[in-house]
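Shown next, in structure tokens, is the structure this report addresses.
The values are calculated or read from the model by the stated rules, or taken from the named source; none is laboratory data. Small disclaimer: the values here were computed from a predicted structure and weren't measured. FYI the Cβ positions are ideal-geometry reconstructions off the backbone, even for glycines, and counts take in every protein chain you see.
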Amino acid sequence: MSNDPFPIKNTGPAAAGPTRFAGLAGDVTRPGYRPAGAPREAQGAAGTVGEQMTSLAGTIREKGPHTGMIGSAACGVAKTLERGGRYLQREGFRGLGEEMTNFIRHNPIPALLAGFGVGYLIARATRS
């Protein structure tokens, strides 16, 4: 019988201690770090989403009402979808992320309040 108070030894990745992951953590936190392959896949997905948004804008314009209050709302939605779709095709998710980062840096309090609001709504929606 062993006198070891912890007879089961950790042999997983954490067994190597914090020094094993120090290099990885340094890479991830370095500005400009990008995992291999992810940017190309994300750019392709952003272009596809942008194309679909632009296509949906065209469909709303063709099949939606053209007069009255609902017609002007449909026109506004179509314009916004088309603008957003073109932006995603041109800039991708990377540009969107950079814009969000800049917005949060320049408006931290409204961004924080919006985050709390979104968190509250998600909590309410998932409550059973």
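If you go through the range 87-128, how many residues are of a type in the set (Phe, Trp, Tyr) and over 30 Å from GLY47 (Cβ atoms)?
Counting residues in the range 87-128 that are of a type in the set (Phe, Trp, Tyr) and over 30 Å from GLY47 (Cβ atoms) gives 2.
Condition first: assigned to a helix (DSSP H, G or I), at pLDDT 90 or above and of a type in the set (S, T, N, Q). Now tell me which residues in the range 85-116 satisfy that.
Correct list: THR101, ASN102.
Could you identify the single residue in VAL77, VAL49, VAL28 that is among the β-branched types (Val, Ile, Thr), modelled with pLDDT under 90 and surrounded by 14 or more Cβ atoms within 10 Å (Cβ to Cβ)?
VAL49
Please go through the range 65-74 and give me each residue that is surrounded by fewer than 12 Cβ atoms within 10 Å (Cβ to Cβ) and either at positive phi or assigned to a helix (DSSP H, G or I) (or both), ordered by number.
Residues satisfying the conditions are GLY68, MET69, ILE70.
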